[in-house]
Amino acid sequence: MSGDDFDFDVDSFEEESDPLQASIDELNPPQAEAASHVDGPLVVFAGAGSGKTRVITYRIANLLAVHRVPPYRVLAVTFTNKAAGEMRHRLESLVGPELARDLWVGTFHATCARLLRRHHEAAGLGKSFVVYDDADQRAVMNRVYKALGIDDKRYPLRQILGRIHKEKQEGVTAAEFVPGSFVDDVVARCFHAYEAHLAQANAVDFDDLLLRVLRLLENPTSEAGEELRRKFRYVLVDEFQDVNQVQYRLVRAFAASTRNLCVVGDDDQSIYRWRGADVRIVRNFSRDFEGTKVVKLEQNYRSTANVVAAALGVIGRARDRIPKELWTQNPPGRPVHVVQTASERDEAAFVAEQVRALVRDDVSPAQIAVFYRVHAQSRVLEEVMRAERLPYQVIGGTKFFDRAEIKDLLSYLRLVDNPQSDVDLLRIINVPPRKIGATTVEKIVAEADRSGRPLTETIPAVLETNLVGSAGKKALASFVKLVDSLRARAATAPPSELARDLVAESGYRDWLLADDSAESDARLQNLEELVGSIAEYEAEIAAAGELPTLSGYLERVSLTAMTDELKDAPKISMMTVHAAKGLEFDFVFLTGMEEDTFPFRSQDPSRDDDDEEERRLAYVAITRARTQLWVTHAERRSIFGTTRYGLPSRFIADMPRAAVQHDKTEASQSSEGRFIDREGWAFGPRRDDGRPPAPKLAWSRPTPEPRQAGERFVEAEDEASSSSFGRRRSVELDPSELPEHTTPATKLLAGSIGRGTRVAHKSFGVGVVLELDEGEDPTATVRFTGWTPKRIKLRFLHVAE
DNA sequence: GAATGGCCCGGCTGC
DNA sequence: CGGGCCATTC
């Protein structure tokens, strides 16, 4: 990629720049300033909903169109791949697809991965290096523990790994690490061994992606470093409040030659301290860079005045803020609804009821979001959404790429791509079972550790010796043959084809087929889906005029944030508050607003909880809402097997009374709501503000249904049917019209239900009978759409038409 | 050597 | 509550 002599098609360009000028004129004065002040350091403090994205895109468009900067000399760092995609998309319509395509837009990790591929040699990596994720790191460390004889009980692996991670985020390498305590000696030994294993495997972890580029940049004698230092003329970083030390050093190094560095952030929205982010970096930016221009965007265009007021109430009590005042001209809108619910089920039922009402009023589900503090809270919400037939998608959490079969297939692919990757080899060497047992594997690993060579090289060597028996040798030899043939195929076939063949040739397909269960069926489908996703990738890359590669696909998989999965399908989005950063929705439900849940309190006393960060997190959550916000809290919540009785979150009390309306579900029977006053005093519900008392809400049934003795069946069913959504309407099936405790089921059913009968359950919807257990109390095993098969007594079922 | 069942432990946020 | 690990059994 050479020089500045980039040739523009000026004529076609002029036409495009007119709408650009028109749009810049629409910006308010500080926005326009931030977009057009292009030279020298600039920090933009962009309040929530202040039109930040707009400013950034116009700024870039301005650089390209007015200042004629070649696009490949502009680097824009975003927080998620999705944000990068959106930015590119917007720029396409501003400056045209050709220019937008050559911009460097991406996350720190994606950008560094791309640069490393280009400069892998200088960075000391093989061409097909792989990126090890969390699980891979643990696998490596497991092996290190075994080799060094370290006791996992005394030194929990996670803790040691976490420590190494923390050091790397500060830019500390194994060589530079100075042990300061007894435990640190263990950390140091593991650190060295861990790095050695990664190097041997031609692998990097997430931290390495950044560190290795940084090392190049900061090496004055490296040619690649010199190239990188001159590469970008303009550097722009979004969500700057969440950068860590390494990222900051990267940014500074990229911008060192020109000082054209623009950072955009909001210290009030800094929510990744636990990941090494340091708010002080954005706060001190203008001190670090002499002559920094400071712009503050303080007008909120996104939310109603009530939502803004609630958000300000929460963030106003934070310490250490850069002084700024968010304001809005928007109409007040509806008050923020704070709703007390009885339990997490009641809470979920309430959310579902409200969502249903919105959808009935023609609100697109895509404009509705449900937030929670931790993923564990999503399960109940999901169950109710499914039962209610409400279209939803969960962002993040353990999903597709965490499934065993997907990881297996990916491991095969990674091993084919990078023979040195021991973690991957170990994962699949006996999956499907091919008679290479634990003992054999241990021997090979020991030999590899002894010789310091990757397993791929060790296995053929072992075959020459008598370390393993003849049966083991035979099994190993056929495994080697398999991998070799796959690798040969990879040289010619496109990745998706390779993957498809792999499923068959590895024996994986037969292995799953042999197990004739519904589950293995689903796993096979998952594999097909993965193959499909590879094909999708190929089509996409080909459309961009590039060559799809296995490495490229694998890298995309490892770097794709879960938030990025968010499709624009008309579905309700459910996600953690962290994942919600940078997004906005018309209608937002913020759930689990109880002390200890949000603000979150860790069970682990050694972890210092950070109340300030929790507060900022709450601020982020609230400011995602455009039109209306519901804040729900439950009196009791089952979490990790125990029931917790929680007081409403302190953040609720921090919202100004005038902006908030308090309600309760009927199932919430507690005498009075208890709110923690700012001074810590409890007082009653806030009905003293001149508003009439909230109407009785109708989403919960008046009295809980009497539980009949001996009615316990499958636990989930029991809970579901006694929860408050039993009478909810649903689209395909209307349970409210089903008699609740009719006998017909049992009587009728005896004759009319059998294998394959379509039946209905008031909570699970429609399903198919897999098996019938006739007896005293006939029970059927039923598979409902979207659920794992459940055992249900016939009297709770009805024949579906 | 593989499959299955019990038990213990961790338990958040994520590139 | 659920995943991962280990011991037991086939």
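Summary of computed values
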{"item": "Spacing of the two label points (7 Å from each Cα toward its C-beta) at A:R158 and A:E298, in nm", "result": "4.4"}
{"item": "In range of the label at A:E505: residues from segment A:469-496 whose backbone nitrogen is under 18 Å from the point 7 Å along Cα→Cβ", "result": "A:476-496"}
{"item": "Equivalent ellipsoid, segment A:242-310 (semi-axes from 5 times Cα gyration tensor eigenvalues, Å)", "result": "27, 16, 9"}
{"item": "Percent of Cα-Cα distances greater than 20 Å, calculated over segment A:443-561", "result": "59"}
{"item": "Trypsin sites (Lys or Arg not before Pro) within segment A:389-496, DSSP loop, no more than 11 other Cβ atoms inside 10 Å", "result": "none"}
{"item": "Shape metrics for segment A:164-238, restricted to C-alpha atoms - Rg then Dmax, Å", "result": "15.0, 47"}
{"item": "Theoretical gain in end-to-end length, A:H67 to A:R321 [0.36 nm per residue, Cα-Cα removed]", "result": "87.9 nm"}
{"item": "Unsatisfied cross-links (Cα-Cα over 27 Å) in the set A:K153/A:K474; A:K293/A:K324; A:K52/A:K324", "result": "A:K153/A:K474"}
{"item": "Theoretical FRET efficiency, 1/(1+(r/R0)^6), r = Cβ-Cβ of A:A491 and A:E121, R0 35 Å, to 0.05", "result": "0.95"}
{"item": "Per DSSP, loop GluC sites (Glu not before Pro) in segment A:445-549 with at most 12 further Cβ within 10 Å", "result": "A:E464, A:E546"}
{"item": "Segment A:D484-A:V799, extension gain: residue separation times 0.36 nm, minus the distance between their alpha carbons", "result": "107.9 nm"}
{"item": "Label-zone membership for segment A:301-341, site A:E26, 7 angstrom Cα→C-beta point, backbone N under 20 Å", "result": "A:301-304, A:328-331"}
{"item": "Residue-span extension gain [A:H192 to A:E290] - 0.36 nm each, minus C-alpha spacing", "result": "31.4 nm"}
{"item": "23 Å Cα-Cα threshold exceeded, pairs from A:K127/A:K435; A:K127/A:K231; A:K296/A:K581", "result": "A:K127/A:K435"}
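Values quoted throughout were computed directly from the atomic coordinates according to the rules given, and no laboratory measurement underlies them. These figures come from a predicted structure and were not determined experimentally. Positions of Cβ are backbone-derived with ideal geometry, glycine not excepted, and every protein chain shown enters the neighbour counts.
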